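Here is the structure we will look at.
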């Protein structure tokens, strides 16, 4: 074993699933969605940029992170711990792997839900090598005991291993070599302040512009050996919610449609036909998004309506509506969150081709003044 990375079955810490027995993974065993096929995993790994200069978009974060890494290289010391926040699919995991590649160090990958006890984290930390990168995905979901152990490990590079129980318990300090923690979170507000303050650099990833997504799709089409027309690529990018993960998924679905229909070029007609088949409209709304808007407008007169009631109307869990559909609908101006619940905007009525009833929140001439807004926008009930 070299550099703290398990070399395979010959290493007694290497698990049967291609990772470490403590539950963490090497970068080559990156876990994606549970229902992803082996082919999907291979494609996702192949499409990831491997250097910071190849990472598209996120110019401010990329420049800041490049400065941090270059300074660390010149000092010949591990860089400060890095926290990456932002919605899913924007490249937090890819940046973590790029950090390790730029530092020429191995990377260990685990997640907050996998670390439910302090002992789980101690097992990971005790096997770290000097300079290694520890990537903690969904770090806000770690258990409180593990968080408290991580405080000490990040600041003083040691952990206290408790031996025994009760009055006879003894804390044995275990010194750790310097390493770098890269945390990723979709909900940075849930991180305790003491943990958040221990990260020397915090980068927030924003949604991508259509131009940046076109660059990503053009590059990935070449890697996947897909012949793509610029107009077709732009159509896919414009319907991808500003998210590279969604853009790559739609690119593969359009490719599938083109191949099945004997059209081996991803052009504009192929992109439009395929995306319509998969219920992705011209504004990027999918089936769930439209179901939420239709329920708001047709069943509840534009709202306001509580989240739980809205979720029942579309046959989904409240968490699904709140975390999957709502952020995009609010960001694009189709829906607003008010103290009394969710309400449809004039844009939602217009997009569905409906006429709002008189007196409804969307009945005005497209003005935001007609919405049930107040100084408490952002807080909501239900």
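With the cut-off at 1.5 for a/c, could you classify region 54-127 from its C-alpha gyration tensor as rounded, prolate or oblate?
Verdict is oblate for region 54-127.
Seen through its C-alpha gyration tensor, with square-root eigenvalues sorted a ≥ b ≥ c, region 214-282 comes out oblate because a/c lies at 1.5 or above while a/b is not bigger than b/c.
Residue exposure proxy: 236, 216, 246, ordered by other Cβ atoms within 10 angstrom of their Cβ from fewest to most, comes out as 246, 216, 236. Shape of region 198-249 from its Cα gyration tensor (a ≥ b ≥ c, root eigenvalues): rounded if a/c is under 1.5, otherwise prolate when a/b > b/c, or oblate? Prolate, since a/c reaches 1.5 and a/b exceeds b/c. Computed from the C-beta positions of residue 355 and residue 287, the FRET efficiency with R₀ = 30 Å rounds to 0.85. Peptides 333-341, 261-269, 282-290 ranked from most to least packed, by the mean per-residue count of other Cβ atoms within 10 Å: 333-341, 282-290, 261-269.
Annotation: the residues 130, 175, 332, 102, sorted from fewest to most other C-beta atoms within 10 Å of their own C-beta, follow the order 175, 130, 332, 102.
For region 256-309, the equivalent ellipsoid built from the Cα gyration tensor has semi-axes of 34, 9, 7 Å, listed from largest to smallest.
Among 207, 135, sorting on how many other beta-carbon atoms sit within 10 Å of each Cβ, with the fewest leading, yields 207, 135.
Placing R0 at 25 angstrom, the Cβ-Cβ distance between residue 64 and residue 129 gives a FRET efficiency of 0.40 after rounding to 0.05.
Just so you know, all these numbers are worked out from the coordinates, no wet-lab data involved. Just so we're clear, the structure is a prediction, and the values are computed from it rather than from any experiment. Cβ sites come from the backbone with ideal geometry, for glycine too, and all protein chains shown count toward neighbours.
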